[in-house]
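Take a look at the structure below.
Bear in mind these aren't lab numbers, they're just calculated from the coordinates by the rules spelled out. These figures come from a predicted structure and were not determined experimentally. Cβ: placed from backbone, ideal geometry, glycine included. Neighbour counts: every protein chain shown.
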Amino acid sequence: MTATPVVSVVLPIFNGAPYLPQAIESILTQSYTDFELIAIDDGSVDDSLRIVRQYGDERIRVISQANKGLPATLNRGIGLARGHYIGRQDQDDVAFPERLGRQVAFLDEHPACGLVGTWAEIWRGDARTDRAHTHPIDDADLRIGLLFNNPFVHSSVMIRKTALDKVGPYTVDPGRQPPEDYELWSRISREFEIANIPKVLHAYREVDGSMSRVGQSPFLEHLVTISAENIAWAADLEPTDAQVTNIAALVHAANRRIQGQPDFVAMRDILGKALTRVSGNGEQATHDAAAVVEGLRDQWLGRRPRRLRRILRRARGFLAHVAGAAPVGNPSAPRR
């Protein structure tokens, strides 16, 4: 490792003992070697801190702190980072050997890109499944996906440090996180290009007890809020606009967020304008907006309940995940 490594990998840890060794070793055995691993133990009460300290690898910087939560811990890691690029790694997940090298090469070759993720296998505990997160790869498709949801596997991403300097770090506002990653990607996408590498370079592990799978959480409420903000930004409207909120709420079946009576004509025009801005293809955007809003209207009226998913799939393949066509699990949801 050089005095100023190219990559700083930020690994937040909270009671992560069962899978932590595999996560750490998957970084230490990368084919790309010019990195530091910033491992921050966020008040664990298991053996996590002992595990990370036992490695004695000069590339690992170990920090221990009282529990501050995920966004604040990530921001501390970013503040300590010396690298030009910030790589993310979770205590449950596994980076395949070529991941960092592929991402560094991509960012070096694409200076306008501020964020790059990868495709990821889905593991259930220690078992590989036949599922994978294969999100869109191109800037325009990802920008459209961001209008509704998070088309990145959080623990697979690498971020240009200058992008964070410009847009700021993860939000710690409890009214906007989780999903803190979706909120940050949204801000980055307004200033920089974004991309996914179309190769499985990471393993995302589904873990029991995730906030996306157990009990009530504010995740859905915040998801609708951020989606509405993204649609409003793209359509040059205020995020408090009732029909903007209604689009986001109906897409995510958050009926309690519906404001008044949905105006489907206004919603079609708003969504068409938003899709045009982020895609640059007005003709396709007009078609997609009409198809999506038709599906939302049918859903609202209780007609043909399966039609929304079919409409979204026909409109644009990369919109299908907002209708539930994505693999089970939400890679944006925190697992702590």
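Descriptive notes on the structure:
- Within segment 159-185, backbone nitrogen closer than 14 Å to the virtual label 7 Å beyond the Cα of Ile63 toward Cβ: 169-170
- Along each principal axis, taking the top coordinate minus the bottom one, the Cα set of the chain gives 62, 42, 36 Å in descending order.
- Under 14 Å from the Cα of Lys166 - aspartates and glutamates, other chains or at least 8 residues apart: Glu191, Glu193
- Value of relative contact order over segment 233-297, rounded to a whole percent, pairs C-alpha under 8 Å and six or more apart: 32
- Base-10 log of normalised Debye intensity for segment 62-213 (one unit scatterer per alpha-carbon) at q = 0.10, 0.13, 0.18, 0.21 Å⁻¹: -0.34, -0.58, -1.18, -1.59
- Counting only alpha carbon atoms, the long axis of helix 282-301 and the longest principal axis of the chain meet at about 80°.
- Inter-label distance, Phe106 to Val45: 3.9 nm, where each label sits 7 Å from its Cα along the C-beta direction.
- Cβ-based net charge around Gly114, under 12 Å, with every Lys or Arg adding one and every Asp or Glu removing one: +1
- Computed from backbone phi with θ = phi - 60° and the Karplus coefficients 6.51, -1.76 and 1.60, the 3J(HN,Hα) list for segment 93-105 is 9, 10, 8, 6, x, 8, 4, 4, x, 5, 6, 4, 4 Hz; x is used for glycine and proline.
- Amide H within-cut-off set for Leu115, under 5 Å, with H built and near neighbours excluded: Arg160, Ala195
- Relative to the longest principal axis of the Cα atoms of the chain, the long axis of helix 264-279 makes an angle of roughly 40 degrees.
- Principal-axis analysis of the Cα atoms of the chain puts helix 219-235 at an angle of about 60° to the longest axis.
- Sorted largest first, the spans of the alpha carbon positions of segment 1-125 along the three principal axes are 43, 32, 27 Å.
- Placing dummy labels 7 Å off each Cα toward the beta-carbon, the span from Gln261 to Asp126 is 6.0 nm.
- Vicinal HN-Hα couplings computed from phi for segment 8-21 (Karplus, 6.51 cos²θ - 1.76 cosθ + 1.60; Hz; Gly/Pro x): 10, 8, 9, 10, x, 10, 8, 6, x, 3, x, 10, 4, x
- Most positive-pole-ward Cα, Pro174, Gly77, Ala253, against dipole of the chain from beta carbon charges: Ala253
- When peptides 109-118, 170-179 are ranked by their average number of other Cβ atoms within 10 Å per residue, the highest-first order is 109-118, 170-179.
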